[in-house]
Amino acid sequence: MKTLKVINQNGSCCTTKDIEVHESVNNPNKNLPIVIIGAGPIGLASAAHLVEQEQAFILLEAGHEIAHNIRTWGHVTLFSPWRYNINKAARALLDASGWEEPNLDTLPTGHELIDLYLKPLSELVQIKPNIQLNAKVVGISRQFNDKMKTKNRADQSFIIYIEQENDIRVIEARAVIDATGTWGNPNPANSTGVWLKNEKALADHIEYGIPNIITKAKRYANKKIGVIGGGHSAINTLLALAELQEENPATKLVWIMRKKSVEEAYGGEEKDALAARGALGVRIHELVDTGKVEVITPFYISQVKKEENIHIVGTINGEQKVLTGFEELIVNAGNRPDLSINSELRLSIDSATESVQALAPLIDPNEHSCGTVRAHGEEILRQPEKDFYIVGAKSYGRAPTFLMATGYEQVRSITAYLSGDEEASKRVELELPETGVCSINLVNQSNSCC
């Protein structure tokens, strides 16, 4: 019990009559569900762990099916085999249902990841009733509080605003796990990261991500195409375009990136312990050496604009240059997190990577580029906003080295903590593949970051 003093109209906090207020000693939110946002691999793994912990949950997905974002790159083959892409808690639930496990040593495509694993998981009786599709979260806050209010903040439930069927719905939660990822929120072609209207105006001639070249052969055949980016997504795109080029020899491929030399983009090649990733480096190396792919690097793009065709304006070796004649562009410059739905929450976000603050030193690509990251869980991912967590690819912000198995360990730890098992949340239960050679090591062998 506490005494509440009524403030007089003259501003005095002292009154002749105090009001007694009885407070509950119990958590007022304990019967509310935990809300997971995003029904991709990490969101569904969160659900599986909460089933294991016998915790109530709601899983919100903005798309019309689970893993909607993955479906957009479903034609792409993953680097890691099935054994590293299946969550332990999910496997236990699936095995009990008679699920047929895929060959653990094979590499799934995005479509196979959904159809052979994520979709069967989402259809389980323990999970399906708790999934809401076409439920786009537009904001999260605290009950009765905006970001500025501190008093009793941690005792207030979370309020989640959802756009669904042309209406706004509101649900309450005792905790929130944001597993929305970064896919679908790409970086621009512009090397400074700034979106300009000239680039937006070229939307009909620019694709972001890894397009399905087979289904879009008419769009790209016998055209001059600029592929922008120095990572594995760009390499995947170029390899698909090279197959198109074999049947359509007039197709001209130009690879534009910021790396000091193209050799940096090849990665570990045969030395890469992820064989599928190493094979990409080997194949693109051959295409460059045979002249099937022209390379322009280090090129820093300042803008793209439409003249008779697409012009790419930028700087190479200190001199301004305009690249001309392009009919189509494919931009593989990475993605960035959309933090707009979290704007009324108190977050600790790294200013450079836009990752979770405490995670940044482990993943900052300015320091190292290994996929192998020290295991981390609830304590590292904890935010100033109590019981709110950013997980999965979104927890890495703009850093490109996220691995699915890492996300599984994140949510195992967090769900244990939210279920009251602090000891389990501090354990490390992560098994990662050896992810190969760091690109920085390829340039400077004395600087080991793995």
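Which order do peptides 300-309, 162-171 fall in by mean Cβ count within 10 Å, highest first?
Ranked from most to least packed, the peptides come out as 300-309, 162-171.
Quick one: helix 275-289 against the long Cα principal axis of the chain, what's the angle to the nearest 10°, folded into 0 to 90?
With both axes taken from Cα atoms, the answer is about 40 degrees.
Run the helix sum for the chain: -39,500 (n - 2.57) per DSSP H stretch of 4+ residues, divided by residue count, reported at 222 nm to the nearest 500 deg cm²/dmol.
-6000 deg cm²/dmol
When the chain is modelled as a GNM with alpha-carbon springs shorter than 10 Å, which of 85, 31, 130 fluctuates the most?
Of the options given, 31 has the highest mean-square fluctuation.
Pull up the DSSP beta bridges for the chain and report the antiparallel fraction as a percent, rounded to 5.
Counting only bridges with both partners in the chain, antiparallel ones make up about 55 percent.
Apply the Karplus parameterisation 6.51 cos²θ - 1.76 cosθ + 1.60, with θ equal to phi minus 60°, to every residue of region 249-263 and state each ³J(HN,Hα) to the nearest whole Hz, in sequence, with x for glycine and proline.
Couplings: x, 6, 5, 10, 10, 10, 9, 10, 8, 9, 5, 4, 8, 5, 4 Hz.
Given Cα pairs under 8 Å that are at least 6 residues apart, what percent is the relative contact order of region 193-318?
Rounded, it is 24 percent for region 193-318.
Express the relative contact order of region 104-184 as a whole percentage, based on alpha carbon pairs under 8 Å and six or more residues apart in sequence.
Once normalised by length, the contact order is 21 percent.
Given H placed on each backbone N at 1.01 Å, which residues far from residue 344 in sequence or on other chains put an amide H within less than 5 Å of it?
The answer is 140.
Under 8 Å for C-alpha pairs, at least 6 residues apart: give me the relative contact order for the chain, rounded to a whole percent.
Once normalised by length, the contact order is 16 percent.
Starting at the first residue of region 77-90, write each ³J(HN,Hα) from the Karplus equation 6.51 cos²θ - 1.76 cosθ + 1.60 with θ = phi - 60°, in whole Hz, x for Gly and Pro.
8, 6, 6, 9, x, 3, 4, 9, 10, 10, 6, 5, 5, 5
Hey, of (1) 196; (2) 216; (3) 140, which did the structure itself give for volume of the Cα convex hull per residue in Å³ when calculated?
Of the labelled values, this structure produces (1).
For the chain, with all protein chains present and a 1.4 Å probe, just round the carbon and sulfur fraction of the accessible area to a whole percent.
It is 48 percent, rounded to a whole number.
Quick check: the angle from helix 41-52's long axis to the longest principal axis of the chain, C-alpha only, nearest 10 degrees?
Here the helix axis deviates by roughly 30 degrees.
Which of the listed residues, 227, 166, 214, is farthest toward the dipole's positive end in region 149-243, when Lys, Arg count +1 and Asp, Glu count -1 at the beta-carbon?
Working it through, the farthest residue towards the positive pole turns out to be 227.
Under a 1.4 Å probe, what is the accessible area of the chain per residue, stated in Å²?
Averaged over the residues of the chain, the accessible area is 49 Å².
Report, in listed order, any pair from 197/394; 128/394; 200/224; 30/151; 136/224; 88/149 with a Cα-Cα distance greater than 29 Å.
Those over the limit are 136/224; 88/149.
Compare the peptides 331-342, 41-52, 417-428 by average per-residue count of other Cβ atoms within 10 angstrom and give them in order, highest first.
Ranked from most to least packed, the peptides come out as 41-52, 331-342, 417-428.
Angle between the Cα long axis of helix 404-418 and the longest principal axis of the chain, 0 to 90 degrees, nearest 10?
It is inclined by approximately 0 degrees.
The values are calculated or read from the model by the stated rules, or taken from the named source; none is laboratory data. Not measured: the values here are computed from a predicted model. Neighbour counts run over all protein chains shown; Cβ positions are idealised from the backbone, glycine included. Just so you know, the surface numbers come from the protein's heavy atoms only, side chains and all, with ligands and any DNA or RNA stripped out. Shrake-Rupley method; radii C 1.70, N 1.55, O 1.52, S 1.80 Å.
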